[in-house]
Amino acid sequence: MSDFIHRGSCRLCDSKNLERVVDLDPIPLSENYTSDSASAKARKRYPVDVYMCADCGHVQQLDVINSKDLWASYTYYSGEAKGMPEHFQQVADRILAKAAPEKGALVIDIGSNDGSLLKPFQKVGMAVLGIDPAEEAAQRANDAGVETVCSLMTRELAEKIRAERGPAQVICAFNVFAHADDLGEMADCVRIMLAPDGLFFFEAQYLLDIIDGVLIATIFHEHMSHHSVTPLTRFLDAHGLELIAVQRARIQHGSLIGTVQLKGAGRPVEASVGEVLALEAQRNLTQLDTLREFGRTIATLRSKTAALIQGFKAQGKTIAGYGAARSGPTLITQLGLSGALDYIVDDHPQKVGKYETGDGVFIVPTAELLARQPDYTVILAWVHSQKIIDTNQEYLKRGGHFIVLCPETRVVGKDGDVKI
């Protein structure tokens, strides 16, 4: 297989009736850092244009990176992401209450990363098993005592797990249900491994929140699908599964948590499913015009942001980035920030002292924010914008400014938003 392919059919319904609705510039793979600027700048860039299926309404990226290249050097760990362990504890509590598994029941997490979601289940006596293709993340989980198979989720693996471990009472796929190219195979894997009365829970960034919040930073190679409920219900039904509940969550500025059973398993479909379907119909979420307008909004945001940054550079201002985040290459590339950042501040031990791929910007400890006192600091870790502002008041008091990029570009000074 080449390093990437362009698929020609919808990931959910296999229709070839697809339209490109958001035009974007190619970006390098995220979560990859190098020891010199030249090699960082030389990293290959891949397309991330967004398409919509005109038949089922699913929104997706069709350029698929070879999974080995995508996950081999992955450095995102759930346990280190701000707010994620607390979120997973709350999620586990809700799942335990809803699924009511007996002690010792099998709980499987697809895309388990460092095992953070499985730890709360393990603490209350569940048998847990993680599945994740990222070698370092899987090793971290195993080292922490969370049994993890380092592999992509395949039918062959699902059948092996079912034969060796029996059916799972709970299966989770949190923040990875958008990461699989072959979602049909993932759905089939769930059906194979799930107990007759078991439940499957998934979480994914919600398309409506992406549009309303202009969350361009969520568009990168791992996020192959941008889910909404209308096409998902049809897709799950075609694979012998049934969506019985949905919940909107504020994590990642807008996610959707779905509860799924085997079709005909007996639990009633809750009112939340119909309510969200009605909302999506009201907002025309499966209509091409809605996504075309989103594309125009992103183009306007890029134009305004690029002009602002270029104006600051023309004045000789120093500009830093805050957070060597997964979304960094997307924000830098799509909002016209290329060549504008003097350095990025971050405290991740695997990133400090390295160069961000794409622009080749050097990463320094966050203590350098006060030591260097840049005139402006662009928040690349966009999910944590408000927390970053709140915890860096001294930087603002000294005359520094933060630049927030979503849902619109704004400059924040010591007294709040600055007129631009």
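List of remarks:
- Among the listed pairs Lys41/Lys351; Lys313/Lys354; Lys16/Lys263, those beyond 20 Å (Cα-Cα): Lys313/Lys354; Lys16/Lys263
- Accessible surface computed residue by residue for the stretch 218-374, with neighbouring protein chains in place and a 1.4 Å probe, gives 39 Å² per residue.
- For the chain, the 222 nm mean residue ellipticity estimated from helices alone, with every DSSP H stretch of n ≥ 4 adding -39500 (n - 2.57) and the total spread over all residues, rounds to -9500 deg cm²/dmol.
- Here the chain exposes an accessible surface that is 49 percent carbon and sulfur, computed with a 1.4 Å probe and the other protein chains kept in place.
- In the stretch 76-165, lysine pairs closer than 20 Å at Cα, eight or more apart or cross-chain: 5
- Taking the C-alpha atoms only, the angle from helix 84-99 to the longest principal axis of the chain is near 20 degrees.
- Sorted largest first, the principal axis extents computed over the alpha-carbon atoms of the stretch 344-386 equal 24, 23, 19 Å.
- Within a Gaussian network of the chain (alpha carbon springs, distance under 10 Å), most fluctuating of Ala97, Ala265, Ala325: Ala97
- Where no second cysteine Cβ lies under 4.7 Å, the cysteines concerned in the chain: Cys150, Cys172, Cys189, Cys406
- Between Thr154 and Lys44, full extension at 0.36 nm per residue minus the direct alpha carbon distance yields a gain of 36.8 nm.
- For the chain, the longest principal axis of the C-alpha atoms and the axis of helix 288-314 are separated by about 30°.
- Separation in nanometres of the label points that stand 7 Å from Cα toward Cβ, at Glu185 and Asp3: 2.2
- Positive minus negative residues near Leu96 (Lys, Arg vs Asp, Glu; Cβ under 12 Å): +2
- Cα-based helix-to-principal-axis angle, 183-193 vs the chain, degrees rounded to 10: 40
- FRET efficiency for Lys317 and Ala54, using Cβ-Cβ distance with R0 set to 41 Å, rounded to 0.05: 0.35
- Whole-number accessible area per residue in Å² for the stretch 84-160, which is evaluated in the context of all protein chains at 1.4 Å: 45
- Lys160 exposes around 110 Å² of accessible area when a 1.4 Å probe is run over every protein chain in place.
- Spacing of the modelled spin labels on Gln350 and Asn142, each 7 Å from Cα toward Cβ, amounts to 1.5 nm.
- Rolling a 1.4 angstrom probe over the protein heavy atoms with all chains in place gives the stretch 1-58 an accessible area of 46 Å² per residue.
- Of all DSSP bridge pairs formed entirely within the stretch 332-420, close to 60 percent run antiparallel.
- Relative contact order for the stretch 222-351, counting Cα pairs under 8 Å that sit 6 or more residues apart, in percent: 17
- Those aspartates and glutamates that a straight Cα-Cα span of less than 17 Å connects to Lys419, excepting residues fewer than 8 apart in one chain: Asp375, Glu408
- If the segment from Ala100 to Asp390 were pulled out straight at 0.36 nm per residue, it would be longer than the present Cα-Cα gap by 100.5 nm.
- Rounded to the nearest Hz, the phi-derived 3J(HN,Hα) couplings of the stretch 128-140 under the Karplus curve 6.51 cos²θ - 1.76 cosθ + 1.60 (θ = phi - 60°) are 10, 8, x, 9, 7, x, 7, 4, 5, 5, 5, 5, 4, where x marks glycine and proline.
- For Lys44, the aspartates and glutamates whose Cα comes closer than 18 Å to its Cα, not counting residues fewer than 8 places off in the same chain, are Asp3, Asp25, Glu31, Asp36, Asp63, Asp69, Glu222, Glu356, Asp359.
The values are calculated or read from the model by the stated rules, or taken from the named source; none is laboratory data. Note that the structure is predicted; figures quoted are calculated from it, not measured. Cβ coordinates were reconstructed from backbone atoms using ideal geometry, including for glycine residues, and neighbour counts include every protein chain displayed. Areas reflect the complete protein model, heavy atoms only, side chains present, ligands, DNA and RNA absent. Shrake-Rupley method; radii C 1.70, N 1.55, O 1.52, S 1.80 Å.
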